[in-house]
Amino acid sequence: MDSSRRTKRFGAPRFAADARATVERIRAKNRGGASRDGKEKIAAEEQPAVRVTVPAVVADRNARLYDLEFAAESKSGARKVKLVIPEGFNHALAHRKAKLPSSCVFSQAELPQGEIRFVVTPRNCFGRCGAPLTTEWRKLS
């Protein structure tokens, strides 16, 4: 079966009707590290950040979640996008890990300037997207 037929056959993953994304300010530490040749080193440091958390998607064997697209959007149109593979994406639907919330951390420095909102879109492995969860516009800096 080719992927276009699979895309039509399998539904898009979805959040529960009452699901909400939460946004909280945190202090996050980067990993730091060294370049491959060992000449350049980046120190691990703590910096202001934002964590966006969403509940697990609705369990449906015909609409399995593969990943979540977390996007920070500004009113000017600037976007910062990160893809997150949830911890329980490869477990049975009834497994406790498949029911865990997912989160994504954006450092304050990588967020667009001005008022922003976060849009979290669930996707299946064929690229079919479910309805996103969207937060209110807010100024975080």
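The values are calculated or read from the model by the stated rules, or taken from the named source; none is laboratory data. Keep in mind that what you see is a predicted model, and the values were worked out from it rather than measured. Cβ sites come from the backbone with ideal geometry, for glycine too, and all protein chains shown count toward neighbours. The accessibility values were calculated without ligands, DNA or RNA, using every heavy atom of the protein model including side chains. Shrake-Rupley method; radii C 1.70, N 1.55, O 1.52, S 1.80 Å.
Residue-wise test of (1) over 20 Å from Arg138 (Cβ atoms); (2) touching a Ser or Thr at 6+ places or on another chain (Cβ under 9 Å); (3) open to solvent by less than 90 Å² (accessible area, probe 1.4 Å).
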{"residue": "Arg20", "(1), (2), (3)": "no, yes, no"}
{"residue": "Gly32", "(1), (2), (3)": "yes, no, yes"}
{"residue": "Ser35", "(1), (2), (3)": "yes, no, yes"}
{"residue": "Ile42", "(1), (2), (3)": "yes, yes, no"}
{"residue": "Ala63", "(1), (2), (3)": "yes, no, yes"}
{"residue": "Asp67", "(1), (2), (3)": "yes, no, yes"}
{"residue": "Lys75", "(1), (2), (3)": "no, no, no"}
{"residue": "Pro86", "(1), (2), (3)": "yes, yes, yes"}
{"residue": "Asn90", "(1), (2), (3)": "yes, no, no"}
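Name the residue that is nearest to Pro132 (Cα to Cα), counting only residues in the stretch 51-101 that are in a helix (DSSP H, G or I) and of a type in the set (Lys, Arg).
Across the stretch 51-101, the extreme among qualifying residues is Lys99.
Any chance you could count how many residues in the stretch 106-125 are surrounded by 14 or more Cβ atoms within 10 Å (Cβ to Cβ) and either assigned to a loop (DSSP other than H, G, I, E, B) or hydrophobic (A, V, I, L, M, F, W, C) (or both)?
The qualifying residues number 9.
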